[in-house]
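The values are calculated or read from the model by the stated rules, or taken from the named source; none is laboratory data. Computed from a predicted structure; not experimentally measured. Glycine gets a Cβ as well: all are built from the backbone with ideal geometry, and neighbour counts include every protein chain shown.
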C-alpha cells in the first residue's frame, strides 16, 4: 500500500509565487496598454493642434511618421510581452491557441475571405464602389484589404479560442 | 480518455489548485483533465505518473 501522506512539498508557497508572476504579467499588459493609449492620445492632440495652427495639409504633416513610429513601438512591445506570456502558460492554454490559429484564424478566416475574394477574381469587371470610395487610391485599397484580412482572421481566431475554452470548462 | 485523477487527488486530500501547482499547470487544466475534456501530452502524463508514483496506464485508460 502506498503512503498517501507523501505530499509534494510547499504547494501554497509555489502557488503564491506563480500567482504573483501571473498578476505581474497582466498588470504589465494593462498598464502598458493604458500608458500607450494615453501617450498616443496626447501625441495625436499635440500633432493635430500643431497641424491646425500651421495650417498644414496631411502631406506636409509629421503625423503619419509619428503614427508609424508608435505602431512599430507597439508591435515590438506586444511581441516582447507575447514571448513572456507564451513561456508562462501551460500546455492546454498553448493547445487552445494552436487550435484557434488553425481552425479559427486559418480555416474560418480564409472561408470568409474566400467568399469576398472569389467574386473579385472570377468577375474581372466587378467593381465595388464602396471599397474604392473608402480606400481611395489603389495603394490604400490594398492596405484596407490587408487590414480586413487581418481583422477577419483575428476575429475567427478569437471566437474559436473562446468556444474552445467554453467547451473545456 | 478515461482517468483516475480525481480519485487519486481525493485520496490525498489535495485540491485542484494543489495538484495544478505540483504539476505546474493551471487549475482549469486539472479540471479539464479530470472531466476527460482534455488529454495530456506524454510529458505531462509522465509528470502525473511520477507525482502519484504510478504507471501511466494505472492512471489513464484508453477508452474507446
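Of A:94, A:21, all but one fail to be surrounded by fewer than 13 Cβ atoms within 10 Å (Cβ to Cβ), in contact (Cβ under 8 Å) with a residue 24 or more places away in the chain and in a helix (DSSP H, G or I); the exception is A:21. Name the pairs: first residue in the range A:151-168 and surrounded by 13 or more Cβ atoms within 10 Å (Cβ to Cβ), second residue not in a helix (DSSP H, G or I), Cβ to Cβ under 8 Å, at least 6 apart or on different chains? Listed pairs, sorted by first residue: A:168/B:37; A:168/B:38.
Taking residues in the range B:22-43 that are in contact (Cβ under 8 Å) with a residue 60 or more places away in the chain, and partners anywhere that are assigned to a loop (DSSP other than H, G, I, E, B) and surrounded by fewer than 14 Cβ atoms within 10 Å (Cβ to Cβ), not one pair has Cβ atoms closer than 8 Å while being at least 6 places apart or on different chains. Taken together, the criteria exclude residue B:45 from residues that are at the interface with chain A (Cβ under 10 Å from one of its Cβ atoms) and crowded, with 18+ Cβ neighbours inside 10 Å. Residues that are closer than 30 Å to residue B:25 by Cβ and either within 14 Å of another protein chain (Cβ to nearest Cβ) or surrounded by 15 or more Cβ atoms within 10 Å (Cβ to Cβ) (or both) occur at least once in the range A:32-54. The number of residues in the range A:128-169 that are at pLDDT 75 or above, over 30 Å from residue B:35 (Cβ atoms) and not in a helix (DSSP H, G or I) comes to 2.
Would you point out the residue of the range A:55-70, among those that are surrounded by 11 or more Cβ atoms within 10 Å (Cβ to Cβ) and without any contact (Cβ under 8 Å) to a residue 12 or more places away in the chain, that is farthest from residue A:143 (Cα to Cα)? Ranking the qualifying residues of the range A:55-70, first place goes to A:56. Exactly one residue out of B:22, B:10, B:63 is over 28 Å from residue A:162 (Cβ atoms), more than 10 Å from the chain's Cα centre (by Cα), at pLDDT below 95 and at the interface with chain A (Cβ under 8 Å from one of its Cβ atoms): that is B:22.
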